[in-house]
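J.: Got a structure for you, written out below as structure tokens; questions coming shortly.
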Amino acid sequence: MLTARPKVAELVFQLYARSLHPELFEVYRSRTIRRGNYEAKIDITSAGHVVRWRCDGLTLTEVATSAHHPLPERRRLLRARLRGQRHERIECRGGISYQVNFKLDPADPAEFWTFQQELCWDGQRQGMLHRFDSSGRMVLGALSYINVESRDRSLLVQAFHTFPDDYAIVKSQSLFKVP
């Protein structure tokens, strides 16, 4: 289990057609949603996040974590380094679909601190927010903020993870959709 947040250059984004054992992750915040035919559990972890979505016997698990984090390869549908920008769409059985957009945004220091402050304000009003301790190099620590929009036939998860040592922001938007 990771005890410190990894460097932004080490991050990967993965999708599994299965559940992953919860003890694989150090969870700081968690939320469960039950709506329509689906159930979702969203966790903020030490490296990023985990979203486990279940519907009609199908389980999809999205993970943003370190490339060095030991995770299984069995039933992995997607593995991509968090670099630049990427869009993926996966069609599953029964017409269920999964879409994700993720982006690594380098920022200048002023832009970075403004964005981080805005996330703090948003996190106090809605969504899930976790403030990490400082790495020692920067006065303020990293943030993870997740906003969830649930409808009867869809779940939208927007995640933002900041990395002060690198002045970088990881942004992802995932859509789980039932036909």
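J.: Counting only residues that are assigned to a loop (DSSP other than H, G, I, E, B) and out of contact with any helix residue (DSSP H, G or I) (no Cβ under 7 Å at 6 or more places or on another chain), which one in the stretch 39-70 is surrounded by the most Cβ atoms within 10 Å (Cβ to Cβ)?
T.: If we filter the stretch 39-70 for residues that are assigned to a loop (DSSP other than H, G, I, E, B), which is where we start, we get 46-48, 56-57, 67-70.
Right, trim to out of contact with any helix residue (DSSP H, G or I) (no Cβ under 7 Å at 6 or more places or on another chain) and you get 46-48, 57, 69-70.
Details: Ser46: 20, Ala47: 24, Gly48: 26, Gly57: 7, His69: 20, Pro70: 9.
Restricting to residues being assigned to a loop (DSSP other than H, G, I, E, B) and out of contact with any helix residue (DSSP H, G or I) (no Cβ under 7 Å at 6 or more places or on another chain), the top hit is Gly48.
J.: Given the conditions (1) buried (at least 16 other Cβ atoms within 10 Å of the Cβ); (2) of a type in the set (Val, Ile, Thr); (3) more than 16 Å from the chain's Cα centre (by Cα), and given that Ile90 satisfies all but one, which numbered condition is not satisfied?
T.: (1)
J.: Does Asp166 count as in contact (Cβ under 8 Å) with a residue 24 or more places away in the chain, at negative phi and among the acidic types (Asp, Glu)?
T.: Yes; evaluated as a whole, the condition is true for this residue.
J.: Okay, next question. Is it the case that the stretch 59-71 has a residue that's over 20 Å from Ile146 (Cα atoms), in contact (Cβ under 8 Å) with a residue 12 or more places away in the chain, among the hydroxyl-bearing types (Ser, Thr, Tyr) and out of contact with any Asp or Glu (no Cβ under 9 Å at 6 or more places or on another chain)? First the steps, then the outcome.
T.: Of the residues in the stretch 59-71, the ones over 20 Å from Ile146 (Cα atoms) are 59, 67-71.
Narrowing further to those that are in contact (Cβ under 8 Å) with a residue 12 or more places away in the chain: 59, 67-71.
Now narrow it down to the ones that are among the hydroxyl-bearing types (Ser, Thr, Tyr): 59.
Right, trim to out of contact with any Asp or Glu (no Cβ under 9 Å at 6 or more places or on another chain) and you get 59.
Yes; the residues of the stretch 59-71 include at least one that is over 20 Å from Ile146 (Cα atoms), in contact (Cβ under 8 Å) with a residue 12 or more places away in the chain, among the hydroxyl-bearing types (Ser, Thr, Tyr) and out of contact with any Asp or Glu (no Cβ under 9 Å at 6 or more places or on another chain).
J.: Return yes or no: is Arg31 under 29 Å from Tyr167 (Cβ atoms) and modelled with pLDDT of 95 or more?
T.: yes
J.: In addition: Condition first: over 18 Å from the mean Cα position of the chain (by Cα) and free of Cβ contacts under 8 Å to residues at least 40 places away in the same chain. Now tell me which residues in the stretch 112-122 satisfy that.
T.: Pass one, the stretch 112-122, residues over 18 Å from the mean Cα position of the chain (by Cα): 112-114, 117-118, 121.
Correct list: Trp113, Thr114, Gln117, Glu118, Trp121.
J.: While we're on this one: Tell me which residues, restricted to the stretch 1-36, are free of Cβ contacts under 8 Å to residues at least 12 places away in the same chain and either under 17 Å from Val157 (Cα atoms) or in contact with a Lys or Arg (Cβ under 8 Å, 6 or more places away or on another chain) (or both).
T.: Thr32, Arg34 - these are the residues of the stretch 1-36 that are free of Cβ contacts under 8 Å to residues at least 12 places away in the same chain and either under 17 Å from Val157 (Cα atoms) or in contact with a Lys or Arg (Cβ under 8 Å, 6 or more places away or on another chain) (or both).
J.: Could you say whether any residue in the stretch 151-162 is touching a strand residue (DSSP E or B) at 6+ places or on another chain (Cβ under 8 Å), in contact (Cβ under 8 Å) with a residue 12 or more places away in the chain and assigned to a helix (DSSP H, G or I)? Outline the logic, then answer.
T.: Within the stretch 151-162, the subset touching a strand residue (DSSP E or B) at 6+ places or on another chain (Cβ under 8 Å) is 151-162.
Filter once more, so that each one left must be in contact (Cβ under 8 Å) with a residue 12 or more places away in the chain: 151-162.
Checking which are assigned to a helix (DSSP H, G or I) leaves us with none.
Checked against the condition, which is being touching a strand residue (DSSP E or B) at 6+ places or on another chain (Cβ under 8 Å), in contact (Cβ under 8 Å) with a residue 12 or more places away in the chain and assigned to a helix (DSSP H, G or I), the stretch 151-162 yields no hits at all.
J.: Right, something else. Any chance the stretch 18-31 includes a residue that's on the phi < 0 side of the Ramachandran plot, part of a strand (DSSP E or B) and within 11 Å of the chain's Cα centre (by Cα)?
T.: The answer is no; no qualifying residue exists.
J.: Moving to a separate point now. For a quick check of your reading of the model, give me the residue pairs whose first member lies in the stretch 37-56 and is under 23 Å from Gly141 (Cα atoms), whose second is polar (S, T, N, Q) and part of a strand (DSSP E or B), with beta-carbon atoms closer than 6 Å and at least 6 apart or on different chains.
T.: Asp43/Ser30; Ile44/Ser144; Ala47/Thr65; Ala47/Ser66; Gly48/Thr65
J.: Same structure, new question: Can you find, within the stretch 149-169, the residue that is nearest to the chain's Cα centre (by Cα) among those that are of a type in the set (A, V, I, L, M) and closer than 20 Å to Tyr16 by Cα?
T.: Taking the stretch 149-169 as the starting set, the residues that turn out to be of a type in the set (A, V, I, L, M) are 155-157, 159, 168-169.
From what is left, the residues that are closer than 20 Å to Tyr16 by Cα are 155-157, 159.
Working: Leu155: 14, Leu156: 12, Val157: 8, Ala159: 5 Å.
The selected residue is Ala159.
J.: Same structure again: Which of the residues belonging to the stretch 92-101 are at pLDDT 95 or above and farther than 10 Å from Lys177 by Cβ?
T.: Val100, Asn101
The values are calculated or read from the model by the stated rules, or taken from the named source; none is laboratory data. None of these values were measured; they are calculated from a predicted model. Positions of Cβ are generated from backbone atoms using ideal geometry, with glycine treated the same way; all protein chains shown enter the neighbour counts.
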